[in-house]
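Participant: Here it is, the structure in full.
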Amino acid sequence: MATPIKEWSKLEVRAVVRFLVSKGTKPSEIHKQIAETYGEGAMSRSRVYQWCTWFGEGRTSLGDEPKWSPENIDQRGEHNSC
């Protein structure tokens, strides 16, 4: 068994998920590999499934989306990315 990686970033883990999705790996197997490599706390099963869905739908960004706030909505009700 490989030695778990103790220091990691969420962007690194998301990149691994994106890579494995592109290879056709199932979300359950992705979660298993993430947990074995980075530890159980790296990404929950439900979050792995969410990122798999987003990447499967064509998302390419690894970053967090801007949080909703009233300041990000213009007078027409459209989201401003600031």
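The values are calculated or read from the model by the stated rules, or taken from the named source; none is laboratory data. All figures in this text were calculated on a predicted structure; none of them were measured in a lab. Glycine gets a Cβ as well: all are built from the backbone with ideal geometry, and neighbour counts include every protein chain shown.
Participant: Hey, could you check segment 28-63 for residues that are more than 16 Å from Trp8 (Cβ to Cβ) and among the polar types (S, T, N, Q) and say which is farthest from the chain's Cα centre (by Cα)?
Facilitator: Filtering segment 28-63 for residues that are more than 16 Å from Trp8 (Cβ to Cβ) and among the polar types (S, T, N, Q), the one farthest from the chain's Cα centre (by Cα) comes out as Ser28.
Participant: Taking Gly63 as the residue in question, decide whether it is modelled with pLDDT of 95 or more, surrounded by fewer than 11 Cβ atoms within 10 Å (Cβ to Cβ), part of a loop (DSSP other than H, G, I, E, B) and not aliphatic (A, V, I, L, M). If you could, list the steps in order and put the result at the bottom.
Facilitator: On the way: modelled with pLDDT of 95 or more: no; surrounded by fewer than 11 Cβ atoms within 10 Å (Cβ to Cβ): yes; part of a loop (DSSP other than H, G, I, E, B): yes; not aliphatic (A, V, I, L, M): yes.
Here the answer is no, as Gly63 does not meet what is asked.
Participant: Would you point out which residue out of Val48, Val21 is more than 20 Å from Lys6 (Cα to Cα), surrounded by 17 or more Cβ atoms within 10 Å (Cβ to Cβ) and either out of contact with any Leu (no Cβ under 8 Å at 6 or more places or on another chain) or of a type outside the set (A, V, I, L, M) (or both)? Quick ask: steps written out before the conclusion?
Facilitator: On the way: Val48 fails: more than 20 Å from Lys6 (Cα to Cα).
The unique qualifying residue is Val21.
Participant: Going through segment 24-45 one residue at a time, which ones are surrounded by 15 or more Cβ atoms within 10 Å (Cβ to Cβ) and among the hydroxyl-bearing types (Ser, Thr, Tyr)?
Facilitator: Result: Thr25, Thr37, Tyr38.
Participant: A further question follows. In segment 24-45, which residue that is of a type in the set (S, T, N, Q) and assigned to a loop (DSSP other than H, G, I, E, B) is nearest to Lys6 (Cα to Cα)?
Facilitator: Of the residues in segment 24-45, the ones of a type in the set (S, T, N, Q) are 25, 28, 33, 37, 44.
Subsequent filtering for residues that are assigned to a loop (DSSP other than H, G, I, E, B) retains 25, 44.
Numbers: Thr25: 24, Ser44: 16 Å.
Here the answer is Ser44.
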